[in-house]
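Novice: Before I ask anything, let me first share the structure, which is written out below as structure tokens.
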Amino acid sequence: MTTTVQSQAPTPAPVRSRLSGLRRYLSPEYLPIAGTILTLILMLVIGEVRYGGERGFVSPKLFSNLLQDNAYLLVLAVGMTFVIITGGIDLSVGAVVALVGLVIATLLPMGVPLPLVLIIGVLIGTTFGFLIGVLVEYFDIQPFIASLAAMFLARGLCNVVSVQSLAIKDEGFGALAGWSLKFGEGRDIWKINLSMIIAVLVLIVAYVILHHTRFGRTVYGVGVGDGGNAVQLMGLKAGRTRLWVYVISGTCAGVAGILFAFYTKSGFNLTGIGMELDAIAAVVIGGTLLAGGGGFVLGTGVGVLVYGLIQVLIAREGLDSWWTKVFIGVVLLVFVVLQRAIAVRRRS
Amino acid sequence: MTTPDTQAATPVVEMRGITITFPGVKALDGVDLRLFPGEVHSLMGENGAGKSTLIKALTGVYQIDGGTMTVDGVEHRFSGPDEAQNAGISTVYQEVNLCANLSVAENVMLGHEPRTGPFISWRKMRRQAAENLARLHVDIDPASRLSAHSIAVQQLCAIARATVRDAKVLILDEPTSSLQKAEVDELFQVIRELRDAGVAILFVSHFLDQVYEISDRLTILRNGRLVGEHLAAELPRRDLIGLMIGREGAALDAIERGAQQAFAGEREGVTPTIEAVGLGRHGRIEPFDLAVQPGEIVGLAGLLGSGRTEAVRLLCGADRPEEGTLRLGGEDIRISDPLVGLRNGIAFSSEDRKREGIIGDLTVRENIALAVQTVRGVWRPVPRKELDELVDRYITALDIRPANPNQLVKNLSGGNQQKVLLARWLATAPKLLILDEPTRGIDIGAKTDIQKLVAELAADGMSVVFISSEFEEVLRVSHRIDVLRDRRIVESLTNGPDVDQDTILEAIATKEVA
């Protein structure tokens, strides 16, 4: 069957419709991500112009700090990207981060070995993700409701563990959190710590999964907006895929919980309230369609940088930190409207 | 041509006594189907006869409740489409069931994509996709998005996907409904190539010409039951239709004669039910004159986009005219919206049944009640008893099946949905009934029913405007035919023995636009 039939006398004119290489990247699907990158560049330019001075604003140190402060958010947003591409949402991740931190802070003083504690931390996230996935896939509950329930459950369990802030004083844990590679000298010193490495690794692995495996492509297929019908009829595993994206998101939340504990060296039951919304914002700013079916996980990386940069600029400007929320709101609004405009244009 | 010889060849697929029950409905009842290698087998039947259900049983989408299914002599019970595909059964579904947001290559190859370890080999995948598309004479960039291409090309991608694996059985469910004539020819060439390579092909289409052009064998279903299996060459078309609708083809002719006799030409001095004088709307329809007398059926004929729908939307108030006047029973009237139209006895059944017609999640009763209730207003609910009588009357009169007022409309076949819509408008007892493509996409039995009904309504004095893309149908039903082209009415023909499809085509092709 692989030989082209040539004996047929009247070969019909071939159906042609080709886009040249460059044109392909100008198609609407790349517009949101182009917007994201443009926003990032614009903000870097603003920063350079206003605070550049003689030492410069754009420097390895800036990116080092951005990644260090937002490593947990990057991991959360990467997991959220999977869920949003399928057209779902996961509201539980912020509460899971808090729960993981508290469990770590409780287990370590009890003498539980550090590696085991970290594994438990990740598995807590995985379990919550699995729970949401099962609710969504097998009980046909809307992702919003299923993950909202999981959010309340996780937040409630936090209060069961402790209603006070618990400091993490474990030496091994402190060593992991404090370890870093240092570069440069004097005031320009910048470093790479464990959180940054983990976050970037998660991003790379997610990229490979989403773009280079059947599972990853199925994630996109499920998000096409027909309830996974097309994917199902193509003989791919739509249901299993939908379950797995929540497991991935939950696992990422578990990892993010550990990174956040590295960052704060404590566990607290009120941590991460609204953190899931920050993650969603970063994903959307990163060019992933909230309606599902399109987006790039690397865009999510850029989205997190934009998010972090807004905070830096606000701080440098000397404004109150709540101005961050205002600006993120504005950027988010612009991006959602942009997505909408593209969707409307495509339909007409 | 392969000669279908039942004795010599062994069927690659043999389904026996297949039964599938949905809640409250026996969708399939003991149906047999045999598919032979190197043969094109058409599955025939009206909408709701069980064709789609049978296909979905064969492809593992539905689980069978009874009967056996063997592929290559091995009994199978598929629990999902992937299992059927593994057994060598590939399917192209009625509507393009691919992922528009993925690339062409992915849509063709995903599920059997070339991989190194767990990772997709993109380059290899694009090349293989291009090769598969080339076999169908399609030359498109495999890396482009599926959504960037026309529906016809997407359909070809779906077929390319189905033929990637060396399928033993290829199922094509209405593959030609969105294709142009030239594309159909191309597709048929591909089908013949596959058939000659020994693939068993199951073909479903509403177009009888196409069925006879491509098929070797026919299996006919009616109401979820097997009517018979015949060689295409041995079953004349008329008999096939008879088997499909379960009655003699003569019924069709009766309407034709009935309609033309009932309205003997124009009657002088009768006030038209509705009269449009110079009615128009910029960019939609040029000013036109149109009069419909009581008991008259006026057909609007013209190509898609010629302004048929735009014209009637002005009559019923769906769009507001920018110029001209509208007279109802001889008096000037302004119809500002469809509700005003409805209150004045003008009912408009739109062409887009799914989106502008039925409400799938409501029951048959609720769908029928909708227009009546709207006319009465929110504060005067129709009493349940009155409503039930009304609904029962129309279910019986229009032969809506299943005859269950509590059935959700989305579970009805297309023809029955259309009947529900008709019932909705008839329930308002309109003076003028506007039907925009009332028979599109429905089977021949329901079509006949609807045409007959329209003729009867007119005989009782109702005025009807009838729009259809099928000139044959317009000719059969109408007393007078207004021909449209380029958003103008270019000709008004009085139907008679000397008017046929060529007359309409000629009017479209040659009439000077004034």
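Novice: Counting pairs of alpha carbon atoms under 8 Å apart in space and at least six apart in sequence, what relative contact order in percent does segment B:13-246 give?
Specialist: 29
Novice: Would you kindly calculate the translational diffusion coefficient of chain B, applying Stokes-Einstein with the Kirkwood radius from alpha carbon pairs, for 25 °C and a viscosity of 0.890 mPa s, and quote it in µm² s⁻¹ without decimals?
Specialist: This corresponds to a translational diffusion coefficient of 97 µm²/s.
Novice: To check my understanding: the extent here is largest minus smallest coordinate of the Cα atoms along each principal axis. What are those three numbers for segment B:373-481, in Å, largest first?
Specialist: Largest to smallest, the principal-axis extents are 42, 29, 20 Å.
Novice: Run the simple label-point estimate for residue B:197 and residue A:167 please: 7 Å along Cα→C-beta, distance reported in nm.
Specialist: Simple spin-label model gives 7.4 nm for this pair.
Novice: Can you give the percent of C-alpha pairs in the protein assembly as shown whose distance is more than 48 Å?
Specialist: Result for the distance tail: 38 percent.
Novice: Could I ask something else about it? What are the GluC sites (Glu not before Pro) within segment B:288-323 that DSSP puts in a loop, where the Cβ has at most 15 other Cβ atoms within 10 Å?
Specialist: Hits after loop and neighbour filter: B:322.
Novice: So, one more: Would you give the gap between the C-alpha center of segment B:454-483 and the C-alpha center of segment B:41-110, rounded to a whole Å?
Specialist: Taking the Cα centre of segment B:41-110 as reference, the centre of segment B:454-483 is 40 Å away.
Novice: Here is a further query. Can you compute 3J(HN,Hα) from phi for each residue in segment A:233-243, using the Karplus curve 6.51 cos²θ - 1.76 cosθ + 1.60 with θ = phi - 60°, rounded to whole Hz and x for Gly and Pro?
Specialist: Calculated HN-Hα couplings, in order: 5, 6, x, 9, 8, 5, x, 4, 4, 5, 5 Hz.
Novice: Per residue of segment A:287-302, what does 6.51 cos²θ - 1.76 cosθ + 1.60 with θ = phi - 60° give for ³J(HN,Hα)? Whole Hz please, x for Gly and Pro, Karplus curve as stated.
Specialist: Karplus-based 3J(HN,Hα) across segment A:287-302 equals x, 7, 6, 5, 6, x, x, x, x, 9, 5, 5, x, 4, x, 5 Hz.
Novice: Also, I was wondering about something else. Collect residues whose amide H, placed 1.01 Å from N in the peptide plane, falls under 5 Å from the amide H of residue B:382; neighbours closer than 5 in sequence don't count.
Specialist: none
Novice: In terms of modelled amide H atoms, which long-range or inter-chain residues lie less than 5 Å from the amide H of residue B:115?
Specialist: The list, which skips near neighbours in sequence, is B:121.
Novice: Out of the DSSP beta bridges found with both residues in chain B, what percent are antiparallel (nearest 5)?
Specialist: Here the share of antiparallel DSSP bridges comes out near 55 percent.
Novice: Roughly how crowded by other chains is peptide A:231-241, in terms of the mean Cβ count from those chains within 10 Å of each of its Cβ atoms?
Specialist: Other-chain Cβ atoms within 10 Å of each residue's Cβ, averaged: 6.
Novice: How big is D for segment B:353-429, in µm² s⁻¹ as a whole number, if Stokes-Einstein is applied with the Kirkwood radius of its Cα pairs at 10 °C and 1.306 mPa s?
Specialist: For the chosen part, D equals 131 µm²/s.
Novice: Still on this model: Tell me, what ³J(HN,Hα) does each residue in segment B:119-124 have, in order and in whole Hz, if you take phi through Karplus 6.51 cos²θ - 1.76 cosθ + 1.60 with θ = phi - 60° and put x for Gly and Pro?
Specialist: So the J values, rounded to whole Hz, are 9, 5, 8, 4, 4, 4.
Novice: Output the pairs from B:56/B:447; B:181/B:419; A:265/A:325; A:237/B:181; B:354/B:447 with a Cα-Cα distance over 27 Å in this structure; if there are none, say none.
Specialist: Beyond 27 Å between Cα atoms: B:181/B:419; A:237/B:181.
Novice: Please list, by residue number, every one of the trypsin sites (Lys or Arg not before Pro) in segment B:298-362 that is coil in DSSP and has at most 14 other beta-carbon atoms within 10 Å.
Specialist: Here the trypsin sites (Lys or Arg not before Pro) that fit, given the DSSP loop and packing criteria, are B:334.
Novice: What FRET efficiency would be calculated for the residue pair residue A:30, residue A:320, taking the C-beta separation as r and a Förster radius of 35 Å, to the nearest 0.05?
Specialist: Between residue A:30 and residue A:320 the formula returns 0.45.
Novice: Let me ask something else. Would you pull out the residues with amide H under 5 Å of residue B:307's amide H, same chain only if 5 or more places away, H placed 1.01 Å from N?
Specialist: When sequence neighbours closer than 5 places are left aside, the close amide H contacts are B:487.
Novice: Could you work out the relative contact order of segment B:76-206, using alpha carbon pairs under 8 angstrom and six or more residues apart, expressed as a whole percent?
Specialist: Relative contact order of segment B:76-206: 31 percent.
Novice: Could you tell me which residue out of B:119, B:163, B:149 lies farthest along the dipole of segment B:66-180 toward its positive end? Charges go on the beta carbon: Lys and Arg +1, Asp and Glu -1, centred on the Cα centre.
Specialist: Positive-end residue among those listed: B:119.
Novice: Quick one: if the Förster radius is 30 Å, what FRET efficiency do residue A:139 and residue A:270 give, using the C-beta to C-beta distance and rounding to 0.05?
Specialist: Approximately 0.50, to the nearest 0.05.
Novice: How do A:147, B:492, B:336 rank when sorted from fewest to most other Cβ atoms within 10 Å of their own Cβ?
Specialist: Neighbour counts put them in this order, fewest first: B:336, B:492, A:147.
Novice: Could you work out the per residue convex hull volume over the alpha carbons of segment B:13-246, in cubic angstrom?
Specialist: It comes to 127 Å³ per residue, whole-number rounded.
Novice: Next question. Can you give me the Kirkwood hydrodynamic radius for chain A, using every pair of distinct Cα atoms, in Å to one decimal?
Specialist: It is 21.6 Å.
Novice: Rank these for me by crowding, B:188, A:183, going from fewest to most other beta carbons within 10 Å.
Specialist: Placing the least packed residue first, the sequence is A:183, B:188.
Novice: Let me ask you something else. Give the order of A:182, B:168 when sorted by the count of other beta carbons within 10 angstrom, beginning with the fewest.
Specialist: Final ranking by Cβ density, sparse to dense: A:182, B:168.
Since every read-out is calculated from the coordinates, none of them should be taken as a lab result. Computed from a prediction, not measured in an experiment: that's the story for all the values here. Every residue, glycine among them, receives a Cβ derived from its backbone with ideal geometry; neighbour counts consider all protein chains shown.
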